[in-house]
Amino acid sequence: MQITPTSLQHIAALIDAPFIGNANHIITGFNEIHRVSLGDVVFVDHPKYYDKALQSAATTIIINKEVECPSGKALIIHPEPFTAFNTLTRHFSPRQYSSQAISNTAKIGKNTIIMPGCFIGNEVTIGDNCVLHPNVVVYDHCQIGNNVTIHANTSIGSDAFYFKKRASSFEPLYTCGNVVIHDDVVIGSNCSIDKGVSSQTSIGKWSILDNHVHVGHDVEIGERCLFAAQVGIAGACKIGNNVTIWGQVGISSGITIEDNATLLAQSGLGENVKNGQTYFGSPAGPAKEKMRELFAAKQLPDLIKKLY
Amino acid sequence: MQITPTSLQHIAALIDAPFIGNANHIITGFNEIHRVSLGDVVFVDHPKYYDKALQSAATTIIINKEVECPSGKALIIHPEPFTAFNTLTRHFSPRQYSSQAISNTAKIGKNTIIMPGCFIGNEVTIGDNCVLHPNVVVYDHCQIGNNVTIHANTSIGSDAFYFKKRASSFEPLYTCGNVVIHDDVVIGSNCSIDKGVSSQTSIGKWSILDNHVHVGHDVEIGERCLFAAQVGIAGACKIGNNVTIWGQVGISSGITIEDNATLLAQSGLGENVKNGQTYFGSPAGPAKEKMRELFAAKQLPDLIKKLY
Amino acid sequence: MQITPTSLQHIAALIDAPFIGNANHIITGFNEIHRVSLGDVVFVDHPKYYDKALQSAATTIIINKEVECPSGKALIIHPEPFTAFNTLTRHFSPRQYSSQAISNTAKIGKNTIIMPGCFIGNEVTIGDNCVLHPNVVVYDHCQIGNNVTIHANTSIGSDAFYFKKRASSFEPLYTCGNVVIHDDVVIGSNCSIDKGVSSQTSIGKWSILDNHVHVGHDVEIGERCLFAAQVGIAGACKIGNNVTIWGQVGISSGITIEDNATLLAQSGLGENVKNGQTYFGSPAGPAKEKMRELFAAKQLPDLIKKLY
């Protein structure tokens, strides 16, 4: 999430926290660790991840321990960095609940058809020649390119499923990112595409999603991908170009799938996939290995009979 | 389903059926066998379940055979108890189809935001500080607590998937229960939570459901549960507190999952799970056993090669 | 798709293509190869399928090579038959985007209840005594019989997931078919039923679909079928009568399932199933074999321990 540039002093005051660094150190945005760039605030609350956060591109780190501040960066010391980060992102991007079906601040391109029952949130942009079939919901700040088709009852921009376990409850990481759908994308009916928590969930040009597809927060999908019905992709996955995913495949969070890969139907993927590989199974592995295992499994009952 | 107390005589007359018991025996509600309490009518149509029904907490039993009546209870004799029960529940809780997007009889709390395109049925209650994102549907009689968030295109209160096979068709068990969502629950987009057939489907405080989750009729979900996307829970399951269910898990009807259990992604659960256990696989078993089997399966092709 | 009868000469002119056959040869419709009948135009663009197309019931074939024309038939020669076919079907059945929630040209029967937020497209017909719960979407030209119940947020008639890979994109086969839902069908909430590409997707009398079911283009479902939640059926499957499919089953495209078959939960079906058979597993096989394999797999770790 980008903001109008502001100072370290100002940010720290908003959460009533001491800071280390130049009071006028500049802050231009907020992001979680996988997406940070120069000017961003990031948070870290576990020693295991201190180094990663301190050495990331982020120039301001909210941290729960006073550590040495990297040169040219700033630290904000807070006992609950997760909560502090939420307080700040809520402050700079508060929820606004449009009471209009199509917000006054939405920008909709030429020849774009928004069918009855759709909801288009605040500051949404939609390009030219799109069709949003009935009852599609597009949450605030999402961006849709040209020539995009979205089928009925699909939800674009729901909140990230990203929660921190607390003593008696779950604290959500406040969702302030968006969804960016590039030109010529087709999305089926009853799909859900979550926003990035502070960055983007994106779907590349010419990618096609069938019905009931779930795309988690911060997922990046390349160009010319084809996802069949009921595929579920957990948060923060990175999927290349020309990736084909057949029906009911599930992918764990944070997985990388390189270009031209294929996942066969009902696979459950928990590891990265290299360029051009085909995976199968639950848990999924290279399809050739899995097919060999399946063939062997068929022989097993007779083998056991023979051996005992 | 509770009703204004009425007499055995009255109920029996409505379905034109003979009864055994005091004509003034009191009836205060209707429930199916797993949920009955004192004052309830239950039905039974198979000798295998006669004893269970007769000895249940229900005090009036619609039955298709004249049997000995337990002391202090009443029987109604009907050749088709399932149909008779449906006739009665329809009589006392007829479908009313609100033609308003937000029914006049719905009660909505303070600071609760109902976004455009939502439907709120008759006699629905929604607490304070809730957000119902666009196009959420809440069927008649459902109850939603405080601080509940429900994302776009989610359906709360659709009918139970509970049908009796007839010679040439299916007869539904008439749905007259509801859904009760407790405080601080978060439900993702495009989810479906079915009503209880005559009782409640419930989701406990602080439980979180991701997108595309299906919850069947009469499911009871405890507190602080976390269900990832595309989980499907069949009817009448009982899920404890702090249960974590990863993506695309399916659970058969009537299963009990105790507190603190975890089901790994894509598991297909057909047996009960004890406190704190982790299950995996389809069909699912204790995760350690399943991992051991998976490890062995990888070795099997070479083993077979060696043996033959 | 049926059209007002027209001539070969007229059709060929619309796509600026040479033809072989009588200029007044009659054309009465368009269909893809699995659904053609007398009077239909079909297309074929791969030598592997030339014979099938030429010998099908279709009487006009758009083809990318000049071949011998079967007696009494006609050929239209076009370098891109897929695109030419799309041009023609778009011409005869152009998209019309109703700006009304319930189109003026929709016909709705007696005692049928259309709840708030529903969209009913152009030339839709809905029979008597139906209930469409809130926010159901019925696309143009779909047909719904009598006594049909459709639950909230379900989409009837979204486009086929049928794309041809091009150098840098995907070209959709233009969807101009419809969905036909016969009498007494019940469909759960958040389901998606795609249209046939040029013919029908159909659901037979008394069939029941639970929530989150996906039915692909041109699927034919018989009578008295029961599909549990989150079942996904890919395009062009043919499912008989009295077929029971449990939760989260996935079925590949073009599969035939005969009457009285059962697919157990989470199965992934890639082969045809004969009358009365029960299948299980992913990939699915006869349930008895699969259960035997599963039983053997449980013994495998100990077997390996013993052997090594």
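The values are calculated or read from the model by the stated rules, or taken from the named source; none is laboratory data. Model, not experiment: these values are computed from the prediction. Positions of Cβ are backbone-derived with ideal geometry, glycine not excepted, and every protein chain shown enters the neighbour counts. All accessible areas refer to the heavy atoms of the entire protein, side chains included, with ligands and DNA or RNA removed. Shrake-Rupley method; radii C 1.70, N 1.55, O 1.52, S 1.80 Å.
Some points to look at:
- Accessible area ranking (1.4 Å probe, heavy atoms, ligands and nucleic acids excluded), largest first, for C:ARG95, C:ARG90: C:ARG90, C:ARG95.
- Rounded to the nearest 5, the antiparallel percentage of DSSP beta bridges internal to region C:107-288 is 10%.
- Per-pair calculated FRET efficiency, R0 = 51 Å: C:SER37 and C:SER99 via Cβ, rounded to 0.05: 0.90
- Packing-based order for A:194-200, C:36-42, A:234-240, using average beta carbon neighbours within 10 Å, highest first: A:194-200, A:234-240, C:36-42
- Label point 7 Å beyond Cα along the C-beta direction, distances from B:ASN272 to other copies (nm, shortest first): 4.5, 4.5
- Each part gets one Cα centre, and for region A:141-179 versus region B:222-296 those centres are 26 Å apart.
- Residue list for region C:190-227, given a label point 7 angstrom along the Cα-to-Cβ vector of C:LYS164 and an amide N cut-off under 18 Å: C:197-199
- Secondary structure note: in chain A, about 15% of the DSSP beta bridges are antiparallel.
- Normalised by the number of residues in chain B, the mean separation of alpha-carbon contacts (under 8 Å, six or more apart) gives a relative contact order of 8 percent.
- Highest-fluctuation residue, C:LEU264, C:LEU14, C:LEU294 considered, GNM on chain C with Cα pairs under 10 Å: C:LEU294
- Taking every protein chain into account, the 1.4 Å probe leaves C:MET291 with about 90 Å² of accessible area, to the nearest ten.
- Over region C:107-288, the Kirkwood radius and the radius of gyration, each from Cα atoms, give a ratio Rg/Rh of 0.99.
- Check: chain B dipole with +1 on Lys, Arg Cβ and -1 on Asp, Glu Cβ, in debye: 660
- Positive dipole terminus of chain A, leading residue within A:CYS176, A:ALA284, A:LEU294 (C-beta point charges): A:LEU294
- Surface analysis of the protein assembly as shown yields an accessible area of 38 Å² per residue, using protein heavy atoms and a 1.4 Å probe.
- Interface size, chains B and A: roughly 3400 Å² of accessible area buried, both sides included, 1.4 Å probe, rounded to the nearest 100.
- For A:145-157, mean number of other protein chain Cβ atoms within 10 Å: 5
- Per-bin percent of Cα-Cα distances, region C:6-139 [10 Å]: 12, 35, 18, 19, 14, 2
- Computed on the Cα atoms alone, the convex hull of the protein assembly as shown gives a volume of 193 cubic angstrom per residue.
- Antiparallel DSSP beta bridges within the protein assembly as shown, percent to nearest 5: 15
- Other protein chain C-beta atoms within 10 Å of residue C-beta, averaged over C:268-281: 1.
- All alpha carbon pair distances within chain B were sorted into 10 Å bins beginning at 0; the resulting P(r) in whole percents reads 6, 24, 26, 23, 14, 4, 2, 0.
- Accessible area in the full protein assembly, largest first, 1.4 Å probe, for A:PHE280, B:PHE30, A:PHE163: A:PHE163, A:PHE280, B:PHE30
- Ranked packing of B:150-156, A:48-54, C:247-253, B:55-61, most packed first, by mean Cβ within 10 Å: B:150-156, C:247-253, B:55-61, A:48-54
- Averaged over A:180-192, number of beta-carbon atoms from partner chains that fall within 10 Å: 5
- Our summary gives region C:123-270 a relative contact order of 15 percent, counting only alpha carbon pairs under 8 angstrom and 6 or more residues apart.
- Fraction of accessible area attributable to carbon and sulfur, the protein assembly as shown (%, probe 1.4 Å): 51
- Cβ-defined net charge surrounding C:GLN230, 15 Å radius [Lys, Arg +1; Asp, Glu -1]: -4
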